[in-house]
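Have a look at the structure below, then the notes.
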Amino acid sequence: MVPNGVQAVGRIGASDERWGTLNERLQGTPIRVRLPICWNTNDGGIPVKHATHAQHILYLAVIPWYRQECVNVLAGRMGDSLRVFASEYGLDPTVRTGIDSGNYTLVSRRGILADRILFQAIPLEVFRTKGSVVVDLNPRSFSAWAVLLYRRFTGKRILVWGHLHPRRGAGTKTAAVRRAMRRIASGAILYGYDSVTAARSELPNQPVWVAANAIYKRTAMHSTGLNQTRNTMIYVGRLEMSKNVDQLILGYRDSELWRVNVRLGIVGEGSLRKQVQEQAEEFGLSDSVDFYGQVNDEAELAKIYGQAIFSLSPGYVGLSATQSLGFGVPMVYARDAPHAPEVELRRLGFMQEYEPTTADGLAAAMKVAYAKYISIPESTTDRIAVTTASFYSAEIMSDGIISGLLNNAVEYGTDGWPIGKNQE
């Protein structure tokens with residue numbers, strides 16, 4: 001629907017880019033002014049109306065491949081009123097910018113003090129723009145601090161975006177520094193709904209928005225197991241010690257589920273891949289374990305999840321929870337781990353925790369989950385996917401970012417979750 005006073009006469013590009021008319025009077029004479037306006041509600045998201053001179057900027061350290069769909073939605077809704085800057089990587093060289101090159105402008109980076117501090121080149125428009133600027137909520141980014149302080153003291157709008165607290169918790173020294181960054185900022189965009197209550201408690205007068213850490217568009221989030229036999233439990237993620245992947249083969253062996261032809265699928269790459277493969281060979285399980293390597297293609301991942309009874313997270317829960325539940329697959333995860341905000345998806349059900357965080361604990365959890373989920377109907381897996389999509393889709397994520405950029409208020413309940421949405 002086109003708002004009152006706007007006359008649509010054409011369409012350009014991915015968004016609804018239209019010429020509008022604005023009638024004003026100056027000294028009693030009607031004046032016709034043509035303003036480039038973006039008005040797009042086709043995907044069910046919030047409408048965005050802007051003049052192109054009010055440019056907003058995302059100035060970030062890194063934008064990994066799994067942000068592509070969110071960036072696509074942002075580009076479609078905001079058009080030329082949004083510019084995106086990022087470096088090749090931030091402080092972790094294993095997490096690199098992977099979105100299409102046409103979606104952002106690359107800025108150079110330099111690590112200081114053995115990559116403990118990040119310095120990025122700062123384009124002048126990041127300082128000058130009259131629109132909103134978003135920087136990382138990362139105390140180790142010198143550039144984020146520089147932009148934050150400059151725009152605060154020159155009266156320009158500046159937002160921080162990231163995790164409310166480090167994974168080690170709210171009581172750490174870096175958590176206090178993050179709060180200091182938030183005090184300087186005009187507002188904060190957070191990755192999870194459960195963070196809203198804590199953010200309000202710490203800084204009651206600061207506006208917050210949630211850009212739930214999503215991967216896929218809503219239409220891609222659905223159960224993919226129709227007419228397939230589910231006979232696999234899968235791990236999807238980096239093969240690193242922080243993920244406790246050294247427990248996967250040991251837990252699988254001790255669960256003895258391989259005796260009933262339940263396979264273990266491992267999707268991902270990392271420094272421990274060779275070790276995990278050698279474990280499978282040592283215990284004679286190579287024929288029952290599938291190593292897929294790194295898989296980013298949505299269709300290929302959908303096929304893999306379509307064969308899964310449940311997924312595994314023996315280390316901290318992150319984006320793999322969004323991915324698994326988004327494809328309608330329940331998750332088994334270690335309770336005692338420094339989880340990312342995505343662990344809040346346990347509120348939706350179908351995330352089974354276990355302890356202790358050991359191979360024995362994992363083996364026991366595998367057996368319990370197998371008995372619980374082996375006969376789960378497709379209607380239930382569809383419900384898991386649909387419910388997850390209503391909170392964690394690329395459209396929902398972009399809604400949070402756009403609301404923050406435009407300073408549009410969003411209502412969150414006392415628990416931090418959106419008002420009017422059912423978590424059950």
Exercise. If each Cα of the range 192-276 is one equal point scatterer, what is log10 of I(q)/I(0) from the Debye formula at q = 0.17, 0.23 Å⁻¹?
Worked result: -0.91, -1.09
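Out of the DSSP beta bridges found with both residues in the range 302-424, what percent are antiparallel (nearest 5)?
On the way: 1 of 8 bridges.
Within the range 302-424, antiparallel bridges account for around 10 percent of the total.
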Exercise. What share of all Cα pairs of the chain, in percent, falls into each consecutive 10 Å distance bin?
Worked result: 4, 20, 29, 24, 14, 6, 2, 1, 0
Problem set entry | Contact order relative to length of the chain, as percent, for alpha carbon pairs under 8 angstrom and 6 or more apart | 14 percent
Exercise. What is the total of Lys pairs in the chain with C-alpha atoms under 28 Å apart, excluding same-chain pairs fewer than 8 positions apart?
Worked result: 18
For this session: Using only Cα atoms, figure out Rg for the range 218-389 and give it as a multiple of 2.2 N^0.38 Å.
Result: 0.93
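Rounding to the nearest 20 debye, state how big the charge dipole of the chain is about its Cα centre with +1 on each Lys and Arg Cβ and -1 on each Asp and Glu Cβ.
Details: 46 positive and 40 negative charges, 393 e Å.
Result for the chain is approximately 1880 debye, rounded to the nearest 20.
Mind putting a number on the dipole of the range 145-205 about its Cα centre? Charges go on the C-beta only, +1 for Lys and Arg and -1 for Asp and Glu, and I need it in Debye to the nearest 20.
Working: 12 positive and 2 negative charges, 45 e Å.
It works out to roughly 220 debye.
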For this session: Could you tell me which of 316, 301, 373 has its Cα farthest along the dipole of the range 218-389 towards the positive end, charges placed at Cβ (Lys, Arg +1; Asp, Glu -1), taken about the Cα centre?
Result: 373
Exercise. Among residues other than residue 287 whose Cβ falls under 12 Å from its Cβ, what is the net charge (Lys/Arg +1, Asp/Glu -1)?
Worked result: -1
Exercise. Per residue Cα convex hull volume for the range 326-409, in cubic angstrom?
Worked result: 105 Å³
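So if I take the alpha carbon set of the range 98-144, get Rg, then get Rh from the Kirkwood formula, what is the Rg over Rh ratio?
Numbers: Rg = 12.2 Å, Rh = 12.3 Å.
Looking at the range 98-144, the ratio lands at 0.99.
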For this session: Would you kindly give the portion of the calculated P(r) for the range 55-160 that falls above 16 Å, as a percent of all Cα pairs?
Result: 56 percent
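In the chain, what percentage of the DSSP-assigned beta bridges are antiparallel, given to the nearest 5? The partial results should precede the final answer.
On the way: 16 of 57 bridges.
Of those bridges, close to 30 percent are antiparallel.
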Exercise. How big is the range 333-377 on each of its three principal axes, counting only the C-alpha atoms and giving the largest first in Å?
Worked result: 30, 26, 9
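Any read-out appearing in this document is the output of simple, stated calculations on the displayed coordinates, not a laboratory observation. Not measured: the values here are computed from a predicted model. Cβ coordinates were reconstructed from backbone atoms using ideal geometry, including for glycine residues, and neighbour counts include every protein chain displayed.
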